[in-house]
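Notes for the one structure printed next.
The values are calculated or read from the model by the stated rules, or taken from the named source; none is laboratory data. None of these values were measured; they are calculated from a predicted model. Using ideal geometry, Cβ is built from the backbone for each residue, glycine included, and neighbour counts are taken over all protein chains shown. To get the accessible areas, we keep the full protein, side chains included, count just its heavy atoms, and leave off ligands, DNA and RNA. Shrake-Rupley method; radii C 1.70, N 1.55, O 1.52, S 1.80 Å.
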Amino acid sequence: MTGLLSYLCFFATVALSYGVATLGLNLQWGSAGLFNVGVAGFAGVGAYAAAWITAAPAAAHWGGFAAPIALGWLGAMLAAALVAAVIGAVTLRLRADYLAITTFGAAVTLQLLALDLTALTGGPFGIAFIPKPFEALADRPLAFGAANLALAAAVTAAAFLALERLTQSPWGRVLRALREDEAAAASLGKAPARFRLQAFVIGAALIGLSGAMQAQFFGFIAPDNYLPVFTFQVWVMLVVGGAGNNRGALLGAVAVWALWTLSGTALALLLPGFWQARGAALRVVAIGVVLAATLLARPRGLIGERATVSRHVAQAGG
Amino acid sequence: MIGQILIDGITSGAMIGLGAIGLTLTCGLLRFANFAQGEFATWGAYFALLIAGALGGAAPLGPLTFGWPLLAALLISMGLTALLAWSLDAVLFRRLRRHGNAIVLVIASFGASLALRSAVEFLFGPEPYYYSRDIAMTLRLAPGMRATADQLVVLALALVLMLAMHLLLARTPLGRAMRAVSENPDLARLAGIDAARVVRATWLLGGALAAAAGVFLGVTVQVRPAMGFELLLPLFAAAILGGIGSVPGAMVGGLVIGIAEAAAVPLAGAQYRAAVAFVVMLAMLLVRPRGLFGGRAA
């Protein structure tokens, strides 16, 4: 029973860490209409930054400052934001599908760097022994799991509330206006490039934070974690949950992560021995079918974007 | 050294160009970047692997490592992959086009690409396959310039396919219709062109050519589940370099990317191949987004 409960805690913790990335992507895509296919790249930058800052010194990789985890997560957000500022400054003026291709290319390049710059990143073997939060509780699995879950929930809630405020603020309205009709918004004196870059950078910081959370909860990272499959997972979470809605983003993260975990277990049980090693591939096919079915049958997702009008209009009964 | 870079670059560039033709056509015609294009090459290579295996072993032709079964498999695989590309459109993209948001199509193609690649990995496993276990004979073309007979035949076949594609677009009524729809869909429809037929032809041709690229890649390198995925950035780079919608542009763009990659290997190391295509593409998008041949602007 304790085993199942602590497993559920771990499951929810990971699901919430994906939720933070989905919230970040939702700000970029759902609010600003920025088509980022490099989610894995930003998560990887955050994960490596957090690992460098918080891990103990090691010969196999750079960094190892053994700093507190909070500092590591802050550093992860900053690093991802910085990388996003550089990539965004170059690519955000491109049309949506070119932005998709270039962010995809940037993520592929970042992953190649993580593989190749062995002195910095530990190469294909990655970085191990990243300290976990509440390690003092590690011999009591349930308390350890619950404490980690509480931490993940607190961070997710903070990100959610901040984004709710941001998207309902005038700043969020400008983003949506730019997404719907750039010329009209620009004619009202809003600078499209600046607002887009801000949304891109804040979203990437959240995706970087999500990468850092996962690095810390798993205690181990490697370049293989940041392949396009990661990007794909976060996109499916957002599309299934409902782009443009922060609640939808979180719901999608939990639902898709549950589906992902359950399908893994189901395939392990159902597939005969020889095929089991390849079950992971079948899981990606299944998630791909879920994405296609959602796009076809329910393009708004589980809970889509609400129509937002000014509360003054709403009060006036308009 | 230079000669070797050229011959290696041109061979891989011809394959990139073949794959990029379908990409630039769907991108120009349907206005969306198809992330699944690389997987058509993967599926083409595996279709050919199955068919050549079923046809059985025959003596290799001359100095080549493969015999007529692989050539027959190439043709059948091109047909099968064309059908695969067309059915992906029928099942997924055509329905999404009705909703009208081009970006949704890109997300769907991203998902389709991962699903197609993972399906191959599930069925065949992650390990590489070879069409033949024979050692390819190396010919000395000039001092410091070597190529295998396989490489040269593949290059020749790729050029023949490109020429055929060019003639089809330039000389036939179907080609004229395709160019018209790419140029201005509404006007083409007013002129009585059957847009659905043009879209179908685009998927069939793009799938077939990508399959050929995949088989050629399998002959000269190996057959792996990730081969098409690794081709994806070079394909996009070639299409953007040549100008979206331009078929000659995609061919030339492919050659440029192939040579740039081959030239970068001694400088940066083979592990950065994919990054080279990305950097060239980025530079092109920033400096001249219309591409070398003045296709549609980015």
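The lone criterion from (1) farther than 27 Å from A:Thr13 by Cβ; (2) within 21 Å of the chain's Cα centre (by Cα) left unmet by A:Ala293 is number (2).
For the range B:105-135: of the residues being touching a residue at least 60 places away in the same chain (Cβ under 8 Å) and aromatic (Phe, Trp, Tyr), which is farthest from the other protein chains (Cβ to nearest Cβ)? Filtering the range B:105-135 for residues that are touching a residue at least 60 places away in the same chain (Cβ under 8 Å) and aromatic (Phe, Trp, Tyr), the one farthest from the other protein chains (Cβ to nearest Cβ) comes out as B:Tyr131. Among the residues of the range A:72-81, those that are within 15 Å of A:Gln214 (Cα to Cα) and open to solvent by 40 Å² or more (accessible area, probe 1.4 Å) comprise A:Leu74, A:Met77.
Okay, residues lined up against (1) under 19 Å from B:Val104 (Cα atoms); (2) at pLDDT below 85; (3) not in a helix (DSSP H, G or I):
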residue	(1), (2), (3)
A:Trp257	no, no, no
A:Thr261	no, no, no
A:Arg283	no, no, no
A:Gly288	yes, no, no
A:Leu302	yes, no, yes
A:Glu305	yes, yes, yes
A:Gly318	no, yes, yes
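B:Ala275 - would you say it is open to solvent by less than 40 Å² (accessible area, probe 1.4 Å), touching a residue at least 40 places away in the same chain (Cβ under 8 Å) and either part of a helix (DSSP H, G or I) or more than 10 Å from chain A (Cβ to nearest Cβ) (or both)? So B:Ala275 does not fit the description; no. Checked against (1) assigned to a helix (DSSP H, G or I); (2) open to solvent by 10 Å² or more (accessible area, probe 1.4 Å), A:Ala243 meets all criteria but (1).
Here the condition is being crowded, with 20+ Cβ neighbours inside 10 Å and over 21 Å from A:Ala40 (Cβ atoms); of A:Gly172, A:Gly203, A:Gly252, it holds for A:Gly172 alone.
All conditions in (1) assigned to a loop (DSSP other than H, G, I, E, B); (2) farther than 21 Å from A:Ile221 by Cα; (3) touching a Gly at 6+ places or on another chain (Cβ under 6 Å) hold for A:Ile130, with the sole exception of (2). Candidates are the residues of the range B:47-72 that are in contact (Cβ under 8 Å) with a residue 24 or more places away in the chain, part of a helix (DSSP H, G or I) and touching a Leu at 6+ places or on another chain (Cβ under 8 Å); the one that is surrounded by the fewest Cβ atoms within 10 Å (Cβ to Cβ) is B:Phe47. In the list B:Leu23, B:Leu75, B:Leu29, which residue meets the criterion of being in a helix (DSSP H, G or I) and open to solvent by 30 Å² or more (accessible area, probe 1.4 Å)? Of the residues listed, the single one that is in a helix (DSSP H, G or I) and open to solvent by 30 Å² or more (accessible area, probe 1.4 Å) is B:Leu75. Checking A:Thr118, A:Thr91, A:Thr109, A:Thr102 one by one, the residue that is of a type in the set (S, T, N, Q) and more than 10 Å from every other protein chain (Cβ to nearest Cβ) is A:Thr118 and no other. Mind listing whichever residues of the range A:82-101 are in contact with a helix residue (DSSP H, G or I) (Cβ under 8 Å, 6 or more places away or on another chain), assigned to a helix (DSSP H, G or I) and either among the aromatic types (Phe, Trp, Tyr) or surrounded by fewer than 18 Cβ atoms within 10 Å (Cβ to Cβ) (or both)? Those that are in contact with a helix residue (DSSP H, G or I) (Cβ under 8 Å, 6 or more places away or on another chain), assigned to a helix (DSSP H, G or I) and either among the aromatic types (Phe, Trp, Tyr) or surrounded by fewer than 18 Cβ atoms within 10 Å (Cβ to Cβ) (or both): A:Ala85, A:Ala89, A:Val90, A:Ala96, A:Tyr98.
Being farther than 17 Å from A:Gln214 by Cβ and open to solvent by less than 70 Å² (accessible area, probe 1.4 Å) is the filter; apply it to the range A:119-144 and report the residue that is modelled with the lowest pLDDT. Here the residue is A:Ala138. For B:Ile16, the stated conditions do not hold, so it cannot be described as assigned to a helix (DSSP H, G or I), open to solvent by 10 Å² or more (accessible area, probe 1.4 Å) and of a type in the set (A, V, I, L, M, F, W, C). Scanning the range A:275-285 for any residue that is within 14 Å of chain B (Cβ to nearest Cβ) and touching a residue at least 24 places away in the same chain (Cβ under 8 Å) turns up at least one such residue.
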